[in-house]
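Okay, so here's the structure we're looking at.
The values are calculated or read from the model by the stated rules, or taken from the named source; none is laboratory data. What you see is a predicted model, and the numbers here were worked out from it, not measured in a lab. Heads up, the Cβs are rebuilt from the backbone with ideal geometry, glycines too, and the neighbour counts pull from every protein chain shown. Heavy atoms of the whole protein, side chains included, go into the accessibility calculation; ligands, DNA and RNA do not. Shrake-Rupley method; radii C 1.70, N 1.55, O 1.52, S 1.80 Å.
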Amino acid sequence: LRTEDVLYHLYYPKDYGETENEQYFNVALELAITWLNRIFFLKVLEAKLMNYNADDSDKDAFRFLDSDKVEEFDTINTLCFEVLAES
């Protein structure tokens, strides 16, 4: 966050705390909670897909949160913003 100077891009950095360290901590905490919520949603979606297709012989084919398929953060980022965010 420091290398990207993320505090400079915030509209109201004081909403995240009084000191710079407090602001960085609160921004990092908000990002961590946001990503945990997204991953939790994807895990629930994966479980629902597997449950819905329980009669299929290869229900593991519906597993998409696997280390073989998700090798890095950008894969989940793409899934959230370029696949699921489409209307």
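Some observations on this one:
- Among residues of region 16-31, those that are touching a Phe, Trp or Tyr at 6+ places or on another chain (Cβ under 7 Å) and aliphatic (A, V, I, L, M), counted: 1
- Filter result for the condition that a residue is β-branched (Val, Ile, Thr), under 21 Å from residue 81 (Cα atoms), part of a helix (DSSP H, G or I) and in contact (Cβ under 8 Å) with a residue 12 or more places away in the chain, over 27, 44: 27
- Total residues in region 4-24 satisfying the condition of being touching a Gly at 6+ places or on another chain (Cβ under 9 Å) and outside any helix (DSSP H, G or I): the figure is 0.
- Scanning region 54-69 for residues that are more than 19 Å from residue 84 (Cβ to Cβ) and either assigned to a loop (DSSP other than H, G, I, E, B) or at pLDDT 80 or above (or both) yields 54, 55, 56, 57, 58, 67, 68.
- Residue selected from region 37-55 under the condition over 23 Å from residue 77 (Cβ atoms) and not aliphatic (A, V, I, L, M), by the criterion least open to solvent (accessible area, probe 1.4 Å): 53
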